[in-house]
Amino acid sequence: MASPGPVTPKAPFEPSQPPVIEGFSPSVYSNTENFKEKFLRKTRENPVVPIGCLGTAAALTYGLYCFHRGHSQRSQLMMRTRIAAQGFTVTAILLGLAASAMKSRS
């Protein structure tokens, strides 16, 4: 039985670099963007979502304030308003996803 030829060692694995996969690009964008740039881009793509998030946060904050002050009727109303605002936000996210999917198809 013949012994195999000399084995050349492969290059060591470099954890700081993404793996090279043929036909795959790890980043869709050519330049890296920081948090502020990404936030502004996402807000321009779907401006209704931040409005829904702010409405949800405002209803939650005011509802907790009313609960702390002992205004149970107002607190309950604000918690229901918060649920409605969350539903609005989720709907806005789903509609934004659908719109971007339709946009990429055309």
Loop GluC sites (Glu not before Pro), region 26-106 (other Cβ atoms within 10 Å of the site Cβ: 15 or fewer; DSSP): E33
Relative packing of 70-79, 50-59, 95-104, which averages over residues the other C-beta atoms within 10 Å, highest first: 50-59, 70-79, 95-104
Gained length - A98 relative to L64, 0.36 nm times residue gap less alpha-carbon distance: 8.8 nm
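Values quoted throughout were computed directly from the atomic coordinates according to the rules given, and no laboratory measurement underlies them. Keep in mind that this is a model prediction, so the values were computed, not measured. Using ideal geometry, Cβ is built from the backbone for each residue, glycine included, and neighbour counts are taken over all protein chains shown.
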